[in-house]
Amino acid sequence: MSEETGFLARPDGARIAWRRVAGARPTVVWLGGFRSDMAGTKAQALADWALARGQAYVRFDYFGHGESDGDFARGTITRWREDALAVFDELTTGGLVLVGSSMGGWISCLAAAVRPDRIKAMVLIAPAPDFTEKLMAPGIDAAGREALARDGVWMRPSEYGDPYPITAGLLEDGARWSILPGPVPIAAPVRILQGGADPDVPWRHALELAQALNSDDVVFTLIKDGDHRLSRPQDLARLLAALDEVLEAP
């Protein structure tokens, strides 16, 4: 058994890159983070797990990310939500278990809210709902705000590489999709893994999401020494254990 690869055509002609493992349902769907891609450590670990388990699994790159078409600077929460829904509707059938990392946790919540009958469970890693408005915007300095007002774009410094563009359009669009303080209309079981040493998503922010979910079956796991990526072997083991738990539940 191996992964199938392909591209999903979107209405504007852009292509969304995807990889898929055939197997038992429900289908596990990976929703990555902001500026990440489906070749990352966690997404690949899930692919290896799915192949070994015989579990249906789909991963993809949002518009402007990874192997997909598009200019990252033109991306918005609206667009990336639509990409996720297109993957659900065109590449999968039946029940879904969403695995969302960072921004993917927010996109998972937004997409699950409009496909509630298909969502069997969710596993969220350092979920970052409302990050554009609540986590990113407060950190923009005076020069950044001036650049946004003047040019509509700010080059944000990054600890992980070169500066990257944050547009006024992304910030304005993100504010329209705010889900906190809730309630968040998700009734399925949810498992949240959050690093206590995460510099990007404070654990209290992720806990606010846990408390806002309508579901009564929510387990929040704080990994005290965990960073934002949660990609160490022990973190991956926790992720796979959480997936096994929700998949094997009655």
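FYI, it's all coordinate maths here, none of it is from the lab. Keep in mind that this is a model prediction, so the values were computed, not measured. Because the Cβ atoms are built from the backbone with ideal geometry, glycine has one as well, and the counts that use them run over all protein chains shown.
Listed by position, the strands (runs of 3 or more DSSP E) contained in region 159-250 that have at least 2 residues being surrounded by fewer than 18 Cβ atoms within 10 Å (Cβ to Cβ) and in contact (Cβ under 8 Å) with a residue 40 or more places away in the chain are 161-167. Residue 66 fulfils the conditions (1) buried (at least 22 other Cβ atoms within 10 Å of the Cβ); (2) touching a Phe, Trp or Tyr at 6+ places or on another chain (Cβ under 9 Å); (3) of a type in the set (Gly, Ala, Ser); (4) within 23 Å of residue 232 (Cβ to Cβ) except for a single criterion, (1).
Has region 44-58 got any residue that is touching an Asp or Glu at 6+ places or on another chain (Cβ under 7 Å) and part of a loop (DSSP other than H, G, I, E, B)? Checking region 44-58: not a single residue is touching an Asp or Glu at 6+ places or on another chain (Cβ under 7 Å) and part of a loop (DSSP other than H, G, I, E, B). Of all the listed residues (137, 126), the sole one being of a type outside the set (S, T, N, Q), within 21 Å of the chain's Cα centre (by Cα) and at positive phi is 126. Number of residues in region 59-88 that are farther than 19 Å from residue 20 by Cβ and in contact with an Asp or Glu (Cβ under 8 Å, 6 or more places away or on another chain) equals 4.
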